[in-house]
Amino acid sequence: MQNILLIGAGQLGSRYLQGLSTVKLDLCITVVDPSDLSLTNATKRWFEAGGDKSQHKIRWCKVLPQNLALIDLAIISTSARGRADLVKYISNTVSVSYWVFEKVLAQSKRELNIIHAATTDALGTWVNMARRVNDWHQQLKFKFYEQGPLTVKKTGGLWGLACNAIHFIDLISWWTGESLLSVNTNRLDSTWLKSKRLGYFEVIGELLVRFSGGTELVLQSQPNAKEDNINIELPNKNIWVIDELNCIAFKSKKDIFKGRFKLQSELTGPMVTKILTNGNCELTTLKQSSEQHQIFLDAMLVHWNFSNKFNDRIVPIT
């Protein structure tokens, strides 16, 4: 029986849990969350997914148990604040073979370094950039891989630019094979907005992102935006439009390529099975994601401090 540690049983953590219920391997799952409400909701979703009928053992905890054996896989689905110290504590408490982290990975370069140091002895560490394990996005990749430099624009309303930008940075890097060079915040609004999650903030405007092969990505969030698409122009002037909401992509209004955006509860099972049986998966490695996060977080922190006349060491996004 393989030991799974799931830290964070909220909205996303409970979906991970539902996915774990589908794994055919024998699992002993320890779920940790300080919130009674989160544990109650996660228990409900575990039953909804048929977890009680699976061969897995599960226990619910408000704090990390002291009697943990070797952990084969730790899934960290908490919010970004305090994650680095949490990972360090877990690493000092129990041996973990593999880690999967949610994004935003951390809130500063210092915290990224703490996470890296705490997981350096692990056999594998990844960050959940879920588009990499989604069949539709994998198929779309063949339309753009090594076809650059691309000109990409992601438009939309209040889609959570600060929270979700790293997803699109990773997506374009993966599709093109290029590494992230810079993130320009000059066109972001100077007023930060309170996020739906207490203690976190969002921002609207535009981010200009540049990659090593010349590809440029514009991420645009405007309250009154009428479209929510990804527009991709290739060097041959062909233009692709990707409508993720409806899972439709098309080139120059033809060559319609339909797909499906799988839920986290559907993606988790195959992902965990690959990690536990083969020692690998298709997610972004911690090293790759940390390099992207560092450039992104540095830029966002400068903008946060400049906008608010602060001298903070972390940027409050998750």
- Where residues in the stretch 77-86 are charged (D, E, K, R) and out of contact with any strand residue (DSSP E or B) (no Cβ under 8 Å at 6 or more places or on another chain), which of them is most open to solvent (accessible area, probe 1.4 Å)? R81
- Query: If only one of L6, L27 is open to solvent by less than 10 Å² (accessible area, probe 1.4 Å) and in contact with a Gly (Cβ under 7 Å, 6 or more places away or on another chain), which one is it?
  - Reply: L6
- Hey, among I115, I90, which residue is under 24 Å from A299 (Cβ atoms), in a helix (DSSP H, G or I) and at pLDDT 95 or above? I115
- Message: If T40 satisfies all but one of (1) free of Cβ contacts under 8 Å to residues at least 12 places away in the same chain; (2) in a loop (DSSP other than H, G, I, E, B); (3) among the β-branched types (V, I, T), what's the number of the condition it fails?
- Response: (2)
- Residues of the stretch 201-227 classified as open to solvent by 70 Å² or more (accessible area, probe 1.4 Å) and among the acidic types (D, E), total: 1
- Message: Condition first: hydroxyl-bearing (S, T, Y), over 24 Å from A49 (Cα atoms) and open to solvent by less than 30 Å² (accessible area, probe 1.4 Å). Can you find one or more residues in the stretch 267-274 that meet it?
- Response: no
- Query: Are any residues in the stretch 245-264 part of a loop (DSSP other than H, G, I, E, B), more than 18 Å from T155 (Cα to Cα) and among the hydrophobic types (A, V, I, L, M, F, W, C), and if so, which ones?
  - Reply: F261, L263
- Within the stretch 183-195, restricting to residues that are out of contact with any Leu (no Cβ under 8 Å at 6 or more places or on another chain) and surrounded by 12 or more Cβ atoms within 10 Å (Cβ to Cβ), the one that is farthest from P316 (Cα to Cα) is D189
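Can you tell me which residue is most open to solvent (accessible area, probe 1.4 Å) among those in the stretch 118-136 that are assigned to a helix (DSSP H, G or I), of a type outside the set (K, R) and touching a residue at least 40 places away in the same chain (Cβ under 8 Å)?
Across the stretch 118-136, the extreme among qualifying residues is D135.
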- Test L198 against the stated conditions and say whether it is open to solvent by 50 Å² or more (accessible area, probe 1.4 Å), of a type in the set (A, V, I, L, M) and within 21 Å of the chain's Cα centre (by Cα). yes
- Item | Breaking point among (1) closer than 20 Å to S173 by Cβ; (2) free of Cβ contacts under 8 Å to residues at least 12 places away in the same chain, for F250 | (1)
- Task: Identify the single condition in (1) in a loop (DSSP other than H, G, I, E, B); (2) open to solvent by 60 Å² or more (accessible area, probe 1.4 Å); (3) under 19 Å from W240 (Cα atoms); (4) in contact (Cβ under 8 Å) with a residue 40 or more places away in the chain that K143 does not satisfy, given that it satisfies every other one.
- Result: (1)
- Report yes if Q107 is outside any strand (DSSP E or B), within 18 Å of the chain's Cα centre (by Cα) and either of a type in the set (G, A, S) or crowded, with 23+ Cβ neighbours inside 10 Å (or both), otherwise no. yes
- Message: Being under 17 Å from W126 (Cα atoms) and either open to solvent by 40 Å² or more (accessible area, probe 1.4 Å) or in contact with a helix residue (DSSP H, G or I) (Cβ under 7 Å, 6 or more places away or on another chain) (or both) narrows it down to one residue among A49, A69, A74, A42; which is it?
- Response: A74
- Give A49, A69, A42 a once-over and let me know the one that is more than 20 Å from T285 (Cβ to Cβ), among the small types (G, A, S) and at pLDDT below 95. A69
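The values are calculated or read from the model by the stated rules, or taken from the named source; none is laboratory data. Fair warning: this is a prediction, and the values are worked out from it, not measured in the lab. So basically every Cβ, Gly included, is an ideal-geometry build from the backbone, and we count neighbours across all protein chains shown. Each accessible area value is taken on the protein alone, full model and side chains, heavy atoms only, with ligands, DNA and RNA left out. Shrake-Rupley method; radii C 1.70, N 1.55, O 1.52, S 1.80 Å.
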